[in-house]
Amino acid sequence: MLPGVEEACDAARKAVDRLRGHRMLRRKSPEVSTESLLRGARASAALEGAEAHLEEVRAGHANHPLVQGALRISSEMGPLVATWHTAPRQVLARLHVLGARDIVASEALGRPRDSGTPSPEEVAARLDGLSSLLTSPSKAPALVAAAIVHGEILALKPFGTADGLVARAAERLTLIDRGLDPKTLVSPEVGHFERAEEYRQAFEGYLTGTAEGVAGWIRHCAEAVITGARDSQALCEAMQRG
């Protein structure tokens, strides 16, 4: 395995397991999931430059189209999981429809871009490879698969708009589908946002295609999951205190 990746995956798994063992989740799991999705949407939009206070988002007063797009994505995360395992290309198109509805013309929603770099032909070929990864049996840790999905979509920019929202949602869907976070309790988006500079640097490393660059990206994604798990753990503890 790539340097440091096995240890990073183990640490992320332990952080999620600690969260899943919290006694508040026996009664409040749906509430924690809802809040996690809300926080994740706000963080994902902020990484695209659309920052809003959490209370504004919660109250429905954040009107930036990227914030609204991220919220629409979060609201359909659960229903999309079942399709993600069998038809990921279809789900990616749906994520773009949700995320970019107020940004591009309706005829461009869910459609791959027809120009730019990487070329549309390369994008199509690599998305085919990504679909094979997601629909085939694999012994790869959930976190590794999720990080690769996230990195590939960021790199390919398949739609040309709202690709970051799509990439981070795809990462989260993979973590849910592969069993690391089946109840949607963890917001890796929060971890990416809190480590925004590291996020960008790690992605630059991923783009090099070197073993160290890819390993650094996966390690960053593991830290994002750990941060997201801690955020939800703190939420559980706040609920416990009343």
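The values are calculated or read from the model by the stated rules, or taken from the named source; none is laboratory data. Since the model is a prediction, treat every value here as computed from it, not as a measurement. Here the Cβ positions follow ideal geometry from the backbone for every residue, glycine too, while neighbour counts run over all protein chains shown. With ligands, DNA and RNA removed, areas are computed over all heavy atoms of the protein, side chains included. Shrake-Rupley method; radii C 1.70, N 1.55, O 1.52, S 1.80 Å.
Annotations for the structure displayed:
- Test: residue in the stretch 74-81 that is among the hydroxyl-bearing types (Ser, Thr, Tyr) and open to solvent by 80 Å² or more (accessible area, probe 1.4 Å): yes
- Close pairs from the stretch 43-63: first within 15 Å of Ile103 (Cβ to Cβ), partner of a type in the set (Phe, Trp, Tyr), Cβ under 8 Å, at least 6 apart: Ser44/Phe193
- Taken over the stretch 106-134, the residue count meeting the criterion of being aliphatic (A, V, I, L, M) and open to solvent by 50 Å² or more (accessible area, probe 1.4 Å) is 2.
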